[in-house]
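> The structure under discussion is supplied below as structure tokens; questions concerning it will follow.
Nothing in this text is a laboratory measurement; each read-out follows from the coordinates by a stated rule. As the structure is a prediction and not an experimental result, all values here were calculated from the model. When we count neighbours, we look across all protein chains shown, and the Cβ atoms used for this are built from the backbone with ideal geometry, even at glycine.
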Amino acid sequence: MSALALPALRRYAVARSLFKPTTLPAAINRLGFVQADPLRAPARAQDLILRHRVRGYLAGDLERRYARLAVEEDCLVNYGFVPRQMLPLLHPRSNFRREWDAETAARAEELMAFIRQRRETRSKDVLSAFAHHGRTTGYWGEDANVSTHLLDGLHYRGQLRVLRREAGTRVYAAVEHPPVDQSPAAQRLRAEALLDVIVKLYAPLPAASLGYLASLLGYGAPHLKPLRAGVLKTATERYAHAEVAGQRWFWPPDEKPLSKRHAPDGAVRLLAPFDPIVWDRRRFELLWGWAYRFEAYTPAAKRQMGHYALPLLWGEDVIGWTNVRVEAGRLRAEPGFVRGRPPGPAFSHALEEELARMSAFLSL
């Protein structure tokens, strides 16, 4: 790997993630995880991620087709969508960071009894039936309905699954995950398999990012958290790796970063803030030499890029960002550039094509 340098890693990082567009089930299976976010600017993150990887994808397709797909809303390193076949790696969960006290557990069981009596249950039905539960403080310190808080907790604990969404609101059903082998060897294999999912999704990964993502797996698999350190120690045996620009980088053992098939194209792509190409901010700065920031929750006066700035990828280079909004049924785009707008017609034409694709994706 003596010839491997940052330009080759950039090319590899982009090409391996932007695989040839395929079907929605195939894309989700290949990614292994699609992060979700409720903000719509101009579409939700999961839709912005999938549009580059699914043929003919339109905003909202995942929600519309979800009930017919072998996909589940669940947690991995964040909240999102995973192939159903991954559930035995994530459930049954235990070793929760916040255990419920007796009163909360009793309320949760009362709520579960209500849901078990029904084939499906909408959030509003639960809120109506259990209004007497009152209010509480949510995970982020916000004022929250106790029943909503319990629904989230029961879903996380694997006692509920999301059947579908109606206008963005979850419809739940009770679920029981089958028992799995709890022997130390079996747990170790599950921990290794989950780390493989992360490496496959976000490679190439600098060592510090690999460690950080391994720690985030404690969200999706808290029961496997004690195995994290041991699994990380074997990373150099499990994954291909090399020293590049003072960092040790890891990637799946069957991939070749220097392959000629990683040739860049001349397309412009507007990426979601949580797209696998740009998700890891540490890696982003190492590969592209500047700091991208997600500022949706930053006070407006302190924003430098915008409310929901989409990283702007041209070929293999992320050259800036674009804020996109819909006004009077038309797409409006405000690009910003790290080192100035590229001169000449090639970039302008490629950007126009991407904005046309975005308009079609939004059905404008």
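> Given a cut-off of 29 Å, what percent of all Cα-Cα pairs of the chain lie beyond it? Show your work: numbers first, answer last.
Working: 30819 of 66066 pairs.
Tail of the P(r) past 29 Å holds 47 percent of the pairs.
> Once the dipole of the range 261-361 is set up with Lys and Arg at +1 and Asp and Glu at -1 on Cβ about the Cα centre, which of ILE277, ALA291, LEU310 lies farthest towards its positive end?
Among ILE277, ALA291, LEU310, the one farthest towards the positive end of the dipole of the range 261-361 is ALA291.
> Same structure, new question: Which is the longest part of the chain that has none of the trypsin sites (Lys or Arg not before Pro) sitting in a DSSP loop with at most 16 other Cβ atoms within 10 Å?
The reported range is 158-292.
> State, as an integer percentage, the relative contact order of the chain based on alpha-carbon contacts under 8 Å between residues 6 or more apart. Present the calculation step by step, with values, prior to reporting the outcome.
Details: 520 pairs, mean separation 68.9, N = 364.
Relative contact order for the chain comes out at 19 percent.
> Along the Cα-to-Cβ line of ARG84, 7 Å from the Cα, sits a label point; which residues in the range 174-215 have backbone N less than 17 Å from it?
174-179
> Report, in whole Å, the centroid distance computed from the Cα atoms of the range 268-296 and the range 3-63.
The range 268-296 and the range 3-63 have Cα centres separated by 13 Å.
> Within the chain, how many lysine pairs that are 8 or more places apart, or on different chains, have C-alpha atoms less than 19 Å apart? Walk me through the numbers before you get to the answer.
Numbers: LYS20/LYS200; LYS20/LYS256; LYS20/LYS260; LYS200/LYS233; LYS200/LYS256; LYS225/LYS233.
Qualifying lysine pairs in the chain: 6.
> Using R₀ = 35 Å, calculate the FRET efficiency as 1/(1 + (r/R₀)^6) where r is the Cβ-Cβ separation of ARG282 and GLU166; round to 0.05.
Details: r = 38 Å, r/R0 = 1.09.
With R0 = 35 Å, the Cβ-Cβ based efficiency is 0.35.
> Need the full-extension length gain, ALA263 to ARG248, defined as separation in residues times 0.36 nm minus the C-alpha distance. One decimal, nm. Present the calculation step by step, with values, prior to reporting the outcome.
Details: separation 15, 0.36 × 15 = 5.40 nm, distance 2.32 nm.
Contour length minus Cα-Cα distance gives 3.1 nm.
> Relative to the Cα centre, what is the charge dipole magnitude of the chain, using +1 at the beta carbon of each Lys and Arg, -1 at the beta carbon of each Asp and Glu, and rounding to the nearest 20 debye?
Working: 53 positive and 38 negative charges, 109 e Å.
Computed charge dipole of the chain: roughly 520 debye.
> Right, here's the next one. Measure off 7 Å from each Cα along the Cα-to-Cβ vector at ARG30 and ALA113, then give the distance between these two points in nanometres to one decimal.
Once both label points are built, they end up 4.9 nm from each other.
> At 0.36 nm per residue, and after removing the present C-alpha to C-alpha distance, how many nm does the segment from ASN95 to ARG122 gain when stretched out fully? Mind showing how you got there, number by number?
Working: separation 27, 0.36 × 27 = 9.72 nm, distance 2.83 nm.
Gain on extension, ASN95 to ARG122, equals 6.9 nm.
> Would you calculate the separation in nanometres between label points at ALA208 and GLU334, each defined as 7 Å from the Cα along the Cα-to-beta-carbon direction?
Placing both labels 7 Å along Cα→Cβ, they lie 3.2 nm apart.
> Over what distance in Å are the Cα centres of the range 68-87 and the range 166-221 separated?
When both Cα centres are located, 10 Å separates them.
> Given a Förster radius of 30 Å and the C-beta distance between SER183 and ALA70 as r, what FRET efficiency does 1/(1 + (r/R0)^6) yield to the nearest 0.05?
Working: r = 27 Å, r/R0 = 0.91.
The calculated FRET efficiency here is 0.65.
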